[in-house]
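Take a look at the structure set out below.
The values are calculated or read from the model by the stated rules, or taken from the named source; none is laboratory data. This one's a predicted model, so the numbers in the text were calculated from it and none came from an experiment. Glycine gets a Cβ as well: all are built from the backbone with ideal geometry, and neighbour counts include every protein chain shown.
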Amino acid sequence: MKPENLKELVKEDRLIDNFLRLAAMNSPPLHEGEIADLLESDLRKLGFSVVRDNAGMETGGETGNIIATKKGSIPGAVPILLSAHMDTVVPTDGWGYRIEDGVIHSNGNTILGADDKAALASILEAMRVIEETGMPYGDIQVILSIAEEPGLMGLKHLDFSLITAKYAFVYDVDEPVGSIITSAPYHYRISAKIHGRSAHAGMNPEDGISAISIAAKAITEMKLGRIDEETTANIGIINGGSVVNMVPDICNVTGEARSLKIEKLEAQVQHMHETFANATRMHGQEFEFDINRWYDGYSLEESCPVVQMAARAAEKMGITSRICSTGGGSDANIFNAKGIPAVALGIGYRNAHSVKECIAISELAKSTEFMLAKILVAADVAKTPNSDTYLAAPYLR
Ligand SMILES: [Zn+2]
């Protein structure tokens with residue numbers, strides 16, 4: 001079994017059919033019940049034992065996360081997990097697709113859903129190849145999460161007592177196949193409730209203090225957008241007032257900040273707080289400010305075995321790998337925070353979260369081959385008492 005031969009093993013037509021079958025299923029966040037049933041049934045047929053955790057109950061969703069486990073054919077090989085999410089953003093009603101020059105596009109009215117159903121299809125195809133070819137593999141877990149899009153909700157509630165894998169590969173990034181994301185930001189959400197004083201807008205406006213004007217003043221003074229190469233900030237939602245003829249006494253503002261460095265993130269959030277404080281003080285008003293630590297960031301050394309396994313798989317396959325960082329979060333953030341070293345991986349979709357979303361069939365196939373190559377490499381990483389020892393891969397030479 002050689003990684004350069006993987007191309008012949010992946011059945012492209014089957015992979016595409018499967019992708020389209022999954023993408024056609026509506027699965028917005030917390031409504032993953034139907035797709036989860038299908039995936040569970042497929043994984044069982046492929047020899048996995050499957051459980052679902054209580055994440056659905058805890059988040060108000062139709063189903064929990066899927067935790068599927070398959071015993072390896074190589075005892076002592078390092079146990080790994082492959083992860084993707086089952087939900088998508090909207091719009092998806094009236095889903096359709098077209099294929100043009102080897103690229104699958106949405107019909108232009110909905111998203112395509114390659115984020116992250118391309119990964120779901122790749123995982124199923126890779127597991128089929130394993131069954132058909134008898135290629136060597138260590139213990140494999142497949143973790144399919146719910147409600148990733150609204151903020152990693154599913155994985156935040158994952159029952160980690162069910163995880164036996166040592167390293168995680170998260171297939172969910174809009175970068176070319178071969179991109180290995182070794183760092184991702186910490187992310188805080190903030191909300192401010194600004195109090196003004198209401199008054200009739202026509203009769204006695206001088207008695208009022210507009211909460212919207214205070215918020216506007218604060219936001220104008222605030223450093224937003226790209227703060228530095230590691231830090232970003234945004235105000236995303238603002239609402240205040242209820243009728244046009246009243247000076248508004250309340251304005252709610254919601255935003256976020258991210259940084260690869262926790263100190264920089266805290267400094268930015270502090271700055272956002274101070275800006276609201278100054279603007280309200282100037283008008284003798286009050287405000288409430290909430291900080292929600294949305295998820296933690298991560299940064300892995302290149303020498304970390306999970307990074308090495310991915311880089312080595314790419315090298316053996318003859319594809320270019322690229323170590324990079326991202327400004328977005330993924331389920332890899334949660335795995336890392338829980339002590340399971342994880343990299344997020346580019347799977348080649350483009351224009352995600354838009355009706356222009358598309359994926360090249362060649363990328364879909366390459367992503368599946370890359371997955372198989374990592375499984376081959378992991379099958380060669382022996383478990384030793386002090387673990388993490390990276391051994392040579394005899395049949396990969
Ligand atoms: Zn995604």
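The set of residues from the stretch 98-113 being in a strand (DSSP E or B) and either modelled with pLDDT under 95 or within 30 Å of Ile67 (Cβ to Cβ) (or both) comprises just one member, Ile104.
Residues of the stretch 210-263 that are in a strand (DSSP E or B) and either in contact with a Pro (Cβ under 7 Å, 6 or more places away or on another chain) or in contact (Cβ under 8 Å) with a residue 60 or more places away in the chain (or both): Thr232, Gly240, Asn252, Val253, Thr254, Gly255, Glu256, Ala257, Arg258, Ser259. Residues in the stretch 293-306 that are loosely packed, with under 13 Cβ neighbours inside 10 Å and over 17 Å from Lys261 (Cβ atoms): Glu302, Ser303.
Applying the selection to the stretch 68-89, what residues are closer than 16 Å to Leu152 by Cβ and touching a helix residue (DSSP H, G or I) at 6+ places or on another chain (Cβ under 7 Å)? Once the filter is applied, which keeps residues that are closer than 16 Å to Leu152 by Cβ and touching a helix residue (DSSP H, G or I) at 6+ places or on another chain (Cβ under 7 Å), the stretch 68-89 yields Ser83, Ala84, His85, Met86, Thr88. The set of residues from the stretch 327-339 being crowded, with 20+ Cβ neighbours inside 10 Å and of a type outside the set (Gly, Ala, Ser) comprises Asp331, Asn333, Ile334, Phe335, Asn336. Looking across the stretch 53-65, the residues that are away from the ligand (no atom under 16 Å from the Cβ) and crowded, with 21+ Cβ neighbours inside 10 Å come down to Asp53, Ala55, Gly56, Gly61, Thr63, Gly64.
Matching residues to (1) of a type in the set (Val, Ile, Thr); (2) away from the ligand (no atom under 13 Å from the Cβ); (3) part of a loop (DSSP other than H, G, I, E, B):
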{"residue": "Ser303", "(1), (2), (3)": "no, yes, yes"}
{"residue": "Gln308", "(1), (2), (3)": "no, yes, no"}
{"residue": "Ala311", "(1), (2), (3)": "no, yes, no"}
{"residue": "Cys324", "(1), (2), (3)": "no, yes, no"}
{"residue": "Phe335", "(1), (2), (3)": "no, yes, no"}
{"residue": "Gly339", "(1), (2), (3)": "no, yes, yes"}
{"residue": "Val343", "(1), (2), (3)": "yes, yes, no"}
{"residue": "His353", "(1), (2), (3)": "no, no, yes"}
